[in-house]
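Laboratory data are not the source of any read-out in this text; all were calculated from the coordinates shown. Source: prediction; values computed, not measured. Here the Cβ is made from the backbone with ideal geometry for all residues, glycine too, and neighbour counts use every protein chain on show.
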Amino acid sequence: ISGAAPLPVEILKEFNDKFPIPLIEGYGLSEASPVVAMNPIKGPWKASSIGVPVPGVEVTVQSDVGEILPPGHVGEICVRGGNVMQGYWNQPEETARALRDGWLLTGDVGYHDRDGYFFITDRKKDMLLVNGINVYPREIEEVIYQFAGVKEAAVVGQPDPRKGEQPVAFVALNEGVTLDAKALLHFIRSNLADYKVPRRVTILAALPRNATGKVLKTALREL
């Protein structure tokens, strides 16, 4: 079972090519004790999906004003059930921001399909605004992972006086691999619109991570 961070489709493919057992992606957070959804153990599984809600848990996609959105529409993933916290200890303001009408606002942006499978597009706080257009770093990261030799990838936004923000990419490579940054940018440009192409690519020995293995994008923004 894979959790804690999005599972890149390319990594999923590599795992399935090497091992005879499925790698099942799920989703949860501490505020929901902590499991919310997962792909069914016996299938069907959907690549890049966090699956369906576990029994006793409701999951919806909502607009910024609390409107429940239909399949295919992108909004904030919201969770309700007995597993959801009552609030943060002695932090009433944080609690008010996290809970709305009994729903936990996860801070994750995504959608669900007509089969009830949910998909995470990105973290709400990580979304970029380029020339007034929403850009989701995960979409760019998924393309970078398809480029030969890339082991890890992360995209963050950096301020731009003309466009508001521009994406920049950080990658770590497999052992013994060298990277032609121009070739990578050309590859990204051939798969995505120009405004989604990173302004630059920085190669690191490894991406910074916290104790649970999540990439520290706050640290990358300072580089």
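Within the stretch 205-216, identify whether any single residue is of a type in the set (Lys, Arg), in contact (Cβ under 8 Å) with a residue 40 or more places away in the chain, touching a helix residue (DSSP H, G or I) at 6+ places or on another chain (Cβ under 9 Å) and within 22 Å of Val135 (Cβ to Cβ), and answer yes or no. Working first, answer last.
To start, the set of residues in the stretch 205-216 that are of a type in the set (Lys, Arg) comprises 209, 214.
Still in the running and in contact (Cβ under 8 Å) with a residue 40 or more places away in the chain: 214.
Checking which are touching a helix residue (DSSP H, G or I) at 6+ places or on another chain (Cβ under 9 Å) leaves us with none.
The answer is no, given that none of the residues of the stretch 205-216 is of a type in the set (Lys, Arg), in contact (Cβ under 8 Å) with a residue 40 or more places away in the chain, touching a helix residue (DSSP H, G or I) at 6+ places or on another chain (Cβ under 9 Å) and within 22 Å of Val135 (Cβ to Cβ).
In the set (1) exposed (fewer than 13 other Cβ atoms within 10 Å of the Cβ); (2) under 22 Å from Lys125 (Cα atoms); (3) acidic (Asp, Glu), Asp160 fails one condition alone, (1).
Residues in the stretch 61-75 that are in a strand (DSSP E or B) and closer than 18 Å to Arg97 by Cβ: Gln62, Gly75. Being out of contact with any helix residue (DSSP H, G or I) (no Cβ under 8 Å at 6 or more places or on another chain), surrounded by 21 or more Cβ atoms within 10 Å (Cβ to Cβ), under 26 Å from Glu31 (Cβ atoms) and not β-branched (Val, Ile, Thr) is a property that holds for Glu141. Going through (1) closer than 30 Å to Pro40 by Cβ; (2) among the basic types (Lys, Arg); (3) assigned to a helix (DSSP H, G or I) one by one, Arg97 falls short only on (1).
For the structure I just gave you, tell me whether Val155 is within 22 Å of Arg209 (Cβ to Cβ) and in contact with a Lys or Arg (Cβ under 9 Å, 6 or more places away or on another chain).
Details: within 22 Å of Arg209 (Cβ to Cβ): yes; in contact with a Lys or Arg (Cβ under 9 Å, 6 or more places away or on another chain): yes.
Taking the combined requirement at face value, the residue satisfies it.
Taken over the stretch 76-92, residues that are among the aliphatic types (A, V, I, L, M) and assigned to a loop (DSSP other than H, G, I, E, B) amount to 2. For the structure I just gave you, tell me whether Pro92 is exposed (fewer than 13 other Cβ atoms within 10 Å of the Cβ) and within 22 Å of Val9 (Cβ to Cβ). Taking the combined requirement at face value, the residue does not satisfy it.
Conditions tested, residue by residue: (1) within 23 Å of Lys214 (Cα to Cα); (2) surrounded by fewer than 14 Cβ atoms within 10 Å (Cβ to Cβ).
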{"position": "Pro6", "(1), (2)": "yes, no"}
{"position": "Asp17", "(1), (2)": "no, yes"}
{"position": "Ile21", "(1), (2)": "no, yes"}
{"position": "Gly43", "(1), (2)": "no, yes"}
{"position": "Lys46", "(1), (2)": "yes, no"}
{"position": "Pro53", "(1), (2)": "yes, no"}
{"position": "Gly56", "(1), (2)": "no, yes"}
{"position": "Val61", "(1), (2)": "no, no"}
{"position": "Asp64", "(1), (2)": "no, yes"}
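Look at Ile120 and say whether it is of a type in the set (Val, Ile, Thr) and outside any strand (DSSP E or B). Taking the combined requirement at face value, the residue does not satisfy it.
Taken over the stretch 29-45, residues that are in a loop (DSSP other than H, G, I, E, B), within 18 Å of the chain's Cα centre (by Cα) and among the small types (Gly, Ala, Ser) amount to 0.
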